[in-house]
Amino acid sequence: MSQEVDIIAKNNVEKTEFLNVIGIDSIFHEENGYYADPVNFDTAILPKKWKNRLVNLKIDTDVAGAKVYCIEPHDLVVSKLAANREKDRVLIRSLLIKKLISELVVHRRIEETDVNNDKKEAMSRLFEQLIHQANQYK
């Protein structure tokens, strides 16, 4: 439902800001209804080894050699639990309702995240609340 796609120039991080050419209020945004939000590797809190689980998104592209990778859904949920914004909670509930994520895997990934125990407990509690809310829709 979001119009925003977080994006990074993985192999040339210095060029990430160049991606604003397809950012908010760009011609690309106006024509396609979504836009790039350039980020860096420190933007999100993610579980250890998340880079090993990136998902290669097969797309047709005019840019020779361009590859698109997405954060694996369970890793994404962990980052959204850490951020704890309303739009993140909506996304997590939707993933739960559609059974696109495993509760067990998310709990494991929370434990693998390099944050203090208070933060891990807060993320786990929030996830349990979202599971309960999602179960009301089933």
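Read the figures in this text as sums done on the coordinates, not as results from a lab. All figures in this text were calculated on a predicted structure; none of them were measured in a lab. A quick note on method: Cβ atoms are made from the backbone with ideal geometry, for glycine too, and the neighbour counts reach across all protein chains shown.
For this structure, a couple of remarks:
- Straight Cα distances below 12 angstrom link LYS48 to the aspartates and glutamates ASP75, GLU111, GLU112, ASP114, with same-chain residues fewer than 8 positions distant left out.
- Lys, Arg +1 and Asp, Glu -1 on Cβ, resulting dipole of the chain about Cα centre, debye, nearest 20: 760
- Were the residues from VAL55 through VAL105 laid out at 0.36 nm apart, the gain over their Cα-Cα distance would be 16.4 nm.
- Histogram of C-alpha separations across the chain, 5 Å bin width, %: 2, 9, 16, 20, 19, 15, 10, 6, 2, 0
- Between GLU30 and GLU4, the FRET efficiency estimated from the beta carbon spacing at R0 = 25 angstrom works out to 0.95.
- Full-stretch length increase - LYS119, SER94 - with 0.36 nm per residue and alpha-carbon distance subtracted: 6.7 nm
- Proxy reagent accessibility, fewest Cβ within 10 Å first, across ILE101, ILE131: ILE131, ILE101
- Nearest-ten-degree value, helix 86-97 long axis tilted from longest Cα axis of the chain: 70
- Restricted to Cα atoms, the range 47-128 shows a radius of gyration and a Dmax of 14.3, 46 angstrom.
- Positive-end residue, the chain charge dipole about Cα centroid, Cβ charges, pick of PHE18, ASN32, ILE101: ILE101
- Taking only alpha carbon atoms, the range 4-70 gives an Rg to Rh ratio of 0.97, where Rh is the Kirkwood radius.
- Over the chain, DSSP H runs of length four or greater, each weighted -39,500 (n - 2.57), average out per residue to a 222 nm ellipticity of -12500 deg cm²/dmol.
- The chymotrypsin sites (Phe, Trp or Tyr not before Pro) found in the range 1-94 that occupy coil by DSSP, while having at most 11 further C-beta atoms within 10 Å, are PHE41.
- Greater than 20 Å apart at Cα, pairs in LYS80/LYS119; LYS51/LYS80; LYS15/LYS87; LYS51/LYS98: LYS15/LYS87; LYS51/LYS98
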